[in-house]
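Read-outs throughout are calculated quantities, based only on the coordinates presented, and are distinct from any laboratory measurement. Quick caveat: nothing in here was measured; it's all calculated off a predicted structure. Neighbour counts are summed over all protein chains in view; Cβ atoms, including those assigned to glycine, are modelled from backbone coordinates with ideal geometry.
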Amino acid sequence: MEKFKEKLASLRKEIDTARDRASVLEEEVTKLESQHSQKDDDLTNLQERAKLLEEQLETAEVDLKEATANFREADLRAEQLGKKAFTLEREVKGVEKKINDINEKYDTAKAELKDFEEQLEGV
């Protein structure tokens with residue numbers, strides 16, 4: 001009977017040890033499930049962020065294309081205005097030359113008129 005009690009005590013000890021081990025393993029499972037859930041949440045957040053970044057990239061690409069088109073337009077317009085400014089500067093120089101020529105002719109005519117008036121006064 002003593003052997004039976006020892007065997008029973010041994011089995012009870014094994015059961016307690018198994019229960020303790022099962023409790024530890026259950027805690028580990030709970031911990032791992034919690035970590036898994038957190039990883040899933042992290043993955044979802046990263047996927048949402050990636051989607052948002054992709055949308056921002058698409059918007060930035062559209063904005064870049066628009067800005068590039070606007071820049072080309074502005075560059076072409078600046079080139080056209082530069083050519084027009086050059087043409088106008090040439091015209092201004094031409095007009096200034098004509099004005100100078102006319103002023104010289106005026107001064108010459110004025111001098112001739114003065115000479116003529118002096119001659120008439122002398123007559």
Review point. Looking only at the range 4-21, which residues are surrounded by 10 or more Cβ atoms within 10 Å (Cβ to Cβ) and either among the charged types (D, E, K, R) or touching an Asp or Glu at 6+ places or on another chain (Cβ under 7 Å) (or both)?
Key: Glu6, Lys7, Arg12, Lys13, Glu14, Asp16, Arg19, Asp20, Arg21
Exercise for review: Kindly indicate whether Lys39 is assigned to a helix (DSSP H, G or I), surrounded by 10 or more Cβ atoms within 10 Å (Cβ to Cβ) and of a type in the set (Lys, Arg).
Suggested key: yes
